[in-house]
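In what follows, a single structure is set out as C-alpha cells and then discussed.
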Amino acid sequence: MLPDPRNADHVGLAGVGADLEPATLVTAYKRGLFPMPIGNGDTLDIGWWSPDPRGVIPLDGLLISRSLDKARKRFEIRVDTAFEDVMRACADPRRDGAWINNAIASAYGGLHKLGWAHSVEAWSLDTGELAGGLYGVAIGGLFAGESMFHWRTDASKVALCALVERLEAGGGKLLDCQWQTRHLATLGCVNVRREEYLSRLADAVRAPQLKLA
C-alpha cells in the first residue's frame, strides 16, 4: 500500500516498500509520489518520495540563454525512438548521484511499452548520434521528469526545451522536476510547497492525456 505524501519526513521520504508494477507507479505519480532506491544496488528497498518544497518548471517560465538558443540548431529532436538508450545513459554508474538500478530501468521500460513513460532525445545533426535526452512519465497533463543526460554540451538542455514546447502545444499543465537543483534553477525551475504541488497535480492528472510526438 502506498503512503500518504503528506506524511513524508523532512527529506521527503514518505514510506518504504511496495512494488514497481505499472499500476503501482501510475497510482504513485497521481498521488504525488515517485520511487527512488534507498542506497545503491538492486536488492535494496524502494523509497517513495514527496519533497517539500517540490521543484517544478512553469511552462511559461523556461529560461533559454542566448547560447542555449544557438545550441538548439545543432540537434534534431526525436520522441520515443531510443527510450532504452536514454535510460541506459541516465543509469550510467559513473555519473555523480547515479541511482537508477536494474529494477528501476525494467519498471520504466514496462511503463514505456504501455505508453506512460517517454523519452525526449537530442540527436547530433553532424554525426547522427544520440547526444543527450531525458525521460519521464506522462499522466493527463502531468509530465514527471525522472532523469536527463548529455554526451555533448547542451544536449540535455535542448531536449528539455523541446519537452516544454511539446507540453505547451499538447495541453500540458505541470512539469515536475522533483527537487530544484542549481542546474535546473538556471533553466527556470522553482520551488513550490507540497500542498500547492498536490493541488496543481490534481488538476493536471484530470486533463486529457498528453501527446508528445
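Any read-out appearing in this document is the output of simple, stated calculations on the displayed coordinates, not a laboratory observation. The model shown is predicted, which means the values in this text are computed figures rather than measured ones. Don't worry about glycine lacking a Cβ; one is built from the backbone with ideal geometry, like all the others, and counts go over all protein chains shown.
With 10 Å bins beginning at zero, the pair-distance distribution over Cα atoms of segment 5-49 amounts to 30, 55, 15 %. For the chain, a Gaussian network of Cα nodes joined below 10 Å ranks P35, P22, P93 by mean-square fluctuation, and the top entry is P93.
Footprinting exposure proxy ranking of I38, I57, fewest other C-beta atoms within 10 angstrom first, gives I38, I57.
Of the GluC sites (Glu not before Pro) found in segment 89-196, those that fall in a DSSP loop while having at most 13 other beta-carbon atoms within 10 Å are E129.
Enter the angle in degrees (range 0 to 90, nearest 10) between the Cα long axis of helix 155-169 and the first principal axis of the Cα atoms of the chain, meaning the one along which they spread out most. Long axis of 155-169 versus the principal axis of the chain: about 70 degrees.
Within the listed set A18, A138, A162, the residue fluctuating most in the Gaussian network model of the chain (springs between alpha-carbon atoms under 10 angstrom) is A18. In whole percents, the pair-distance distribution calculated for segment 65-121 from its alpha-carbon pairs, binned every 5 Å from zero, is 4, 17, 21, 18, 16, 14, 8, 2. Our summary gives segment 5-49 a relative contact order of 45 percent, counting only alpha carbon pairs under 8 angstrom and 6 or more residues apart. Over the chain, what portion of Cα pair distances is larger than 29 Å, expressed as a whole percent? Everything past 29 Å amounts to 19 percent. Loop only per DSSP, at most 12 neighbouring Cβ atoms within 10 Å: give me the trypsin sites (Lys or Arg not before Pro) in segment 84-178, ordered by residue number. Those satisfying the criteria are R94. In straight-distance terms, cross-link reach from K173 covers every one of the lysines whose alpha-carbon lies under 19 Å from its own, apart from those fewer than eight places away in the same chain; here that gives K30, K211.
Against the empirical 2.2 N^0.38 Å (N residues), segment 28-149 has a Cα radius of gyration ratio of 1.13. Taking 16 Å as the straight-line reach from the Cα of K157, the lysines in range (excluding those fewer than 8 positions away in the same chain) are K70, K73. Footprinting exposure proxy ranking of K211, K73, fewest other C-beta atoms within 10 angstrom first, gives K73, K211.
For H183, H112, which order do you get if you count the other beta carbons within 10 Å of each Cβ and list the fewest first?
Least to most surrounded, the residues fall as H183, H112.
Across segment 54-205, the mean sequence separation of Cα contacts (distance under 8 Å, 6 or more residues apart), normalised by length, yields a relative contact order of 33 percent. Dipole orientation for the chain: of the candidates A89, H183, A105, H183 has the Cα lying most toward the positive pole (charges on Cβ; Lys, Arg +1; Asp, Glu -1).
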